[in-house]
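*Asks:* I'd like to ask some things about the structure below.
Where a number appears in this text, it was derived from the coordinates with a stated rule and is not lab data. Computed from a predicted model, the values in this text were never measured in an experiment. Please note: Cβ atoms are built from the backbone with ideal geometry, for glycine as well, and neighbour counts cover all protein chains shown.
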Amino acid sequence: METTKRCFRVDRRQISYVKFILEAYDNVAVMSTLDSREAVIQVTIAPGCETMVDGIIQGLAGEIGVMPVEGAPAAGMSGKQAIRMPDKMKQVEIEPKGSLFQMKEKLLYISTIGCQMNVYDANQIAGVLAPMGYTGTDTIESADMVIVNTCTIREKAEQKAFSFLGRLAKIKSANPSLIVAVGGCVAQQEGDAILKRMPHVDLVFGTHAIFRLPEMVRRIESSRCRIVDVRMSDTIEFDAPVDGPLTDGQISAFVTIMRGCDNYCTYCVVPHVRGREASRHPDRILEEIRMRVDRGVREVTLLGQNVNSYGNKEGLCSFSELLARVNGIEDLGRIRFTTSHPKDLSDELIDAFGRLEKLCHHMHLPVQSGDDEILKRMNRRYTRSAYLEKIDRLRAVCPDIAVTSDFIVGFPGETDRQFQATLDLIETVRYDGVFAFMYSDRPNAPATAFSGKIDEPTKKRRLQALLDLQGRITREKHQAMVGQIRRILVEGPGREMESGDADMASSRVQWTGRSSSNHIIHFAVPEAQRDKKELLTGAFADIMIEGAYAHSLRGRLIDGPIMATPGKGETSVAA
C-alpha cells in the first residue's frame, strides 16, 4: 500500500509543535516543511492511518489554525470522533477544541552555565517543552520545573553547577512536586552519579538527549520516577528547527550548525561530553535562520566546536559555501561565527571575508599558546609560524578585521621561557581581545596524567601578566579609533546617563550596539527619542567615536538610523 501525502499551512511559530504532536504517534505520520517562509508543511501518512491523522489535524486546526493548502486533500472531518490507535496505542478522543491539546500552563526555569552553545541548547530545551505547556519564568520559587544546563570545560564551571544544584534541595523540600533536571556537559560526564550525589534531582539528560526530553518529562510527571539519559549518537538524529522563545526586542541569535569535536586536544573534555563531530544539513540551518529573521532577528552567530570542518564528514557543502548561502537570506543583516580551529582555516574561508558583505569583520581564532613544544603537547597540530601566516593572510584580505583568541596558561610542563613565547605572540599579533584561563585537569582529558603540573601561584601570576599585556594593547587599539566613524547594529537602550556626567548631558539616554568588528559602542540619543525603540533597535547607525575605554567605546549618532541591510564592510573614516 502507498503512503498518502497532504499539505497544510500553519503559523510558522507552530511548525515544531505540529511535528511534535504527529511524531508522538509512532509510525503513523511524518511531517516535513515544504516552504518555511510560507509555513507550508507536508504530512506523509502511513497506509491505514489516514482517518486517525485526519482527526489529529482537525484537532490542531481547532487549536492553532492548521489549514489545508488549496487543492490538497482536506481532513474533511467534523465533530467529535473516536480514533483507534495502532499497535500499543490506546483509544483517544479528538475534538476541534478538545482537552487533548489544551494543557495546563506550567512554569519552567532554566539556569544556563557556560558557552554560547549552551545558550542555544537552552533555547532548544524551552522550545521542545513548550508544546507540553511549559513557559519560562524568572522566579525559581514559582517554577514547576528547574533545569540546570551545565558546563564542564573548566573546573570552576562544574563547581558552580553543583553549588546551584545544592541550593535547589531546600526549594524541592518546600515544593515536592518540583521537577529538578540536570542537562549539558556535566550531566553527560557524570550520568547517574548525579542522582546518587543529589537525591532531590529527578532527571539527568546528556548533550544528545534534548529532543528526547518531552517523553522523559511526561514519565516523571505521571510516575515521579528518576531518569538518566546520556545516550550519544555519531549522527544528528533529529534536525528540525525548534522555534524557541526570543526575548522582547532580541535582534541577535545563536544557531548551532554542528556538534561535537574530532580534534582531541589533550586538555579538552569536549569530545567526551559532546561526542564526535556531526554537522546539520544546510537546508535545516537555513530554515532555522529564516524562522529567526521572520521574528525580527537581524544578526546570527553560527556555532560549532570547529566550524571550519563543517560538512566534511557528511559530504555536505563546505563552511564557506554555507556562509554564502546564509549571506543570501533576505532581511538578515549580519553573520558571525565561532569557533575556528587554526589548522582547518582554509584560504576559501579567509577569502569569504573579502566577498560576503554580511560577514562581520571579526575572527575568533584560538591559539592557546605561543610555544611550539606546548602546542604539540596540547595536540593542536599547527605551529606558531603557521598560525601567524594565517593571521597575515586574514589581514591582507580584510585589513580592518578584528582578531580575538583563547589562551591557556600553566599547561603541564610550561616553563617561564615558553610562557614568554606566548606574551611575545600577543605583542606580535596585537589582538583586539582575548579570553585567558588557568589550566585545570578535566576528567578523561589526557593532560590530566601529564607530569610537570604548575602550582597555583605561578598560574595566577602568569594569567595576570597576560591580561595586563592584552589590556594595554586593547586600550591602545580603542584609543586609535577615536575620530573614526563606525557602523553599528543597535541592540537597544542601556542605562540613563547620571546627572553630572562629564561627557553626556543628563537629559540623554545611553544606547548600545556592536560594530562589524564586534566592538561594543555606547552612544546617546536625545530624551525625546527615549521611547522610540522601534526607530533604533535592530537598525544600523553610524557613530562617531569620541571616547575609548578598557572594554568599550563611546560615540555620538551622526545620522538617523539606517533600516536597510548594510553594504560591504563598515564605515571607517578618520576625522
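*Asks:* Could you give the size of the charge dipole of region 310-370 about its Cα centre, using +1 on the Cβ of each K and R and -1 on the Cβ of each D and E, expressed in debye and rounded to the nearest 20?
*Replies:* It works out to roughly 200 debye.
*Asks:* Modelled label-to-label distance, Gln479 and Gln510, 7 Å Cα→beta-carbon offset: nm?
*Replies:* In this crude label model, Gln479 to Gln510 measures out at 2.1 nm.
*Asks:* Expressed as a rounded percentage, what relative contact order does region 312-412 have, with Cα pairs under 8 Å and six or more residues apart?
*Replies:* For region 312-412, the relative contact order is 30 percent.
*Asks:* Mind listing the phi-derived Karplus ³J(HN,Hα) values for region 417-425, rounded to whole Hz, using 6.51, -1.76 and 1.60 with θ = phi - 60°, and x for any glycine or proline?
*Replies:* Running phi through 6.51 cos²θ - 1.76 cosθ + 1.60 with θ = phi - 60° gives 4, 5, 5, 4, 4, 5, 4, 5, 5 Hz.
*Asks:* Kindly state, to the nearest 0.05, the FRET efficiency for Asp416 paired with Ile520, given R0 = 35 Å and r defined as their beta-carbon distance.
*Replies:* Once the sixth-power term is evaluated, E becomes 0.50.
*Asks:* Between Ser177 and Asp559, how high is the FRET efficiency from 1/(1 + (r/R0)^6) when r is the Cβ-Cβ distance and R₀ = 56 Å? Nearest 0.05.
*Replies:* For Ser177 and Asp559, the calculated efficiency is 0.50.
*Asks:* Could you please tell me the mean projected area of the C-alpha convex hull for region 142-275, averaged over all directions and given in square nanometres to one decimal?
*Replies:* 9.7
*Asks:* What FRET efficiency comes out for the pair Asp192/Thr135, r = Cβ-Cβ distance, R0 = 25 Å, nearest 0.05?
*Replies:* E between Asp192 and Thr135, to the nearest 0.05, is 0.25.
*Asks:* Sorted by average packing, counted as other Cβ atoms within 10 angstrom per residue and highest first, what order do 154-162, 514-522, 447-455 take?
*Replies:* 514-522, 154-162, 447-455
*Asks:* For the pair His551/Ser451, report the inter-label distance in nm, with labels modelled 7 Å from Cα in the Cβ direction.
*Replies:* 4.2
*Asks:* Search the structure for amide H atoms under 5 Å from the amide H of Thr112, placed 1.01 Å from N in the peptide plane, and list their residues when 5 or more places away or on another chain.
*Replies:* Here Asn149 satisfy the definition.
*Asks:* Now, a different point. What does the convex hull of the Cα atoms of region 353-455 come to per residue, in Å³, rounded to a whole number?
*Replies:* Here the figure is 114 Å³ per residue.
*Asks:* Can I ask one more? How much length is gained on full extension from Thr3 to Glu427, taking 0.36 nm per residue of separation minus their Cα-Cα distance?
*Replies:* Between Thr3 and Glu427, full extension yields 146.1 nm more.
*Asks:* Quick one: Karplus J couplings for region 459-465, per residue in order, coefficients 6.51, -1.76, 1.60, θ = phi - 60°, nearest Hz, x for Gly and Pro?
*Replies:* After applying 6.51 cos²θ - 1.76 cosθ + 1.60, I find 4, 5, 5, 5, 4, 5, 4 Hz.
*Asks:* Give me the distance in nm between label points sitting 7 Å out from Cα along the Cα-to-Cβ direction at Asn379 and Glu357, one decimal.
*Replies:* Roughly 4.4 nm, to one decimal.
*Asks:* Run the dipole for region 377-460 about the Cα centre, Lys and Arg Cβ at +1, Asp and Glu Cβ at -1, nothing else charged, and hand back the magnitude in debye, nearest 20.
*Replies:* The calculation lands at about 300 debye.
*Asks:* Going down the list Lys5/Lys313; Lys358/Lys390; Lys343/Lys460; Lys106/Lys170; Lys170/Lys459, which pairs span over 25 Å between their C-alpha atoms?
*Replies:* Lys5/Lys313; Lys343/Lys460; Lys170/Lys459
*Asks:* Can you tell me how much longer the chain between Ser318 and Asp262 gets when fully stretched, taken as 0.36 nm per residue apart minus their C-alpha distance, in nm with one decimal? Don't jump to the answer; show the numbers that get you there.
*Replies:* On the way: separation 56, 0.36 × 56 = 20.16 nm, distance 1.68 nm.
That pair, Ser318 and Asp262, stretches by 18.5 nm at full extension.
*Asks:* Residue separation times 0.36 nm, minus the C-alpha to C-alpha distance between Thr458 and Cys225: what's the value?
*Replies:* Net length gain for the segment: 79.1 nm.
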